[in-house]
Amino acid sequence: MKKKNFCLMVLLALTTLTATAQDAKRPEVLMETSMGNLRIQLYNETPLHRDNFLRLVSEHFYDSLSFHRVIKDFMVQGGRANGAKTGRAAEMSTVEPEFRLPQLFHKRGALAAAREGDDVNPEKRSSPTQFYFVWGRKYSERAMEFTENRLDLKLTPEMRQAYMTEGGTPHLDGSYTVFGQVVEGLDVLERMQAAATDQADCPLEPIVILRATVVE
């Protein structure tokens with residue numbers, strides 16, 4: 001009898017662990033671009049941004065849109081509507097910020113929501129459609145300390161290590177919502193951020209989102 005009860009307890013524990021793992025499973029999006037593919041994992045810790053992005057991807061909103069703003073050693077921005085999609089974007093509501101520091105921050109490959117500036121958007125609400133991928137730069141220990149002091153940043157050891165070994169844009173932390181991470185295709189992102197641009201930071205050769213699909 002005791003053996004049966006023990007087996008039942010083990011079975012229940014395994015079932016609970018499996019269910020928890022499934023609940024924690026992060027959805028992923030494949031973004032096929034004219035420069036290569038990016039596989040993006042979305043964070044469950046930012047459900048408003050996650051669900052908004054998944055909805056737009058499912059509706060094929062991003063298909064055919066270009067990355068309109070590229071700054072070398074900083075970031076690649078996309079999601080600005082054009083043509084018939086402009087009207088749809090105008091009808092969408094901005095998204096409440098979901099800052100999740102220190103867990104989610106602007107390390108290289110992070111997906112974050114663009115937004116209007118503080119002067120017209122003091123609540124730091126996110127654009128309903130526009131996003132950016134972080135590239136940034138790698139910081140030396142001295143540069144990291146200088147940046148922390150100058151901007152009065154409070155970085156954890158894990159954040160400092162990531163910014164020093166992987167790279168990123170720490171000065172954006174706490175101002176823009178990070179809601180995903182590139183898990184495949186950093187080499188593609190590297191080429192994108194290095195693209196030649198005009199004086200308005202628009203790529204001279206369009207970088208187009210051919211298709212974005214939910215894969216998991």
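Between 177, 164, 199, the Cα set farthest toward the positive side of the dipole of the stretch 103-216 (charges on each charged residue's Cβ, about the Cα centre) is that of 164. Think of it as helices only: each DSSP H run of n ≥ 4 in the chain is worth -39500 (n - 2.57), and spread over all residues that comes to -10000 deg cm²/dmol at 222 nm.
Charged neighbours of residue 141, selected by a Cβ distance under 12 Å, balance to +1 (K, R count +1; D, E count -1). Charged neighbours of residue 70, selected by a Cβ distance under 14 Å, balance to -1 (K, R count +1; D, E count -1). Take every pair of alpha-carbon atoms less than 8 Å apart whose residues are at least six positions apart; their mean separation over the length of the chain yields a relative contact order of 34 percent. Solvent-accessible area of the chain (1.4 angstrom probe, protein heavy atoms only): carbon and sulfur portion equals 54 percent.
Within the stretch 97-126, list the GluC sites (Glu not before Pro) lying in a DSSP loop whose Cβ has at most 11 other Cβ atoms in a 10 Å radius. In loop regions of the stretch 97-126 (DSSP not H, G, I, E or B), the sparsely surrounded GluC sites (Glu not before Pro) are 123. Apply the Debye scattering formula to the stretch 111-152, with a single equal point scatterer on each alpha-carbon and no solvent, then give log10 I(q)/I(0) at q = 0.15, 0.31, 0.34 Å⁻¹. The computed values of log10 I(q)/I(0) come out as -0.59, -0.94, -1.03.
Around residue 198, what is the net charge, scoring Lys/Arg as +1 and Asp/Glu as -1 over all other residues with Cβ under 15 Å from its Cβ? It works out to a net charge of 0. As a length-normalised measure over Cα pairs under 8 Å and 6 or more apart, the relative contact order of the stretch 69-134 settles at 44 percent. Protection proxy ranking for 203-212, 41-50, 175-184, using the average of other Cβ atoms within 10 Å per residue and placing the highest first: 175-184, 41-50, 203-212.
The alpha carbon convex hull volume per residue for the chain rounds to 168 Å³. Extents of the stretch 104-204, taken as max minus min of Cα coordinates on every principal axis and listed largest first, are 35, 35, 28 Å.
The values are calculated or read from the model by the stated rules, or taken from the named source; none is laboratory data. None of these values were measured; they are calculated from a predicted model. Cβ sites come from the backbone with ideal geometry, for glycine too, and all protein chains shown count toward neighbours. Accessible surface areas use protein heavy atoms only, side chains included; no ligands, DNA or RNA. Shrake-Rupley method; radii C 1.70, N 1.55, O 1.52, S 1.80 Å.
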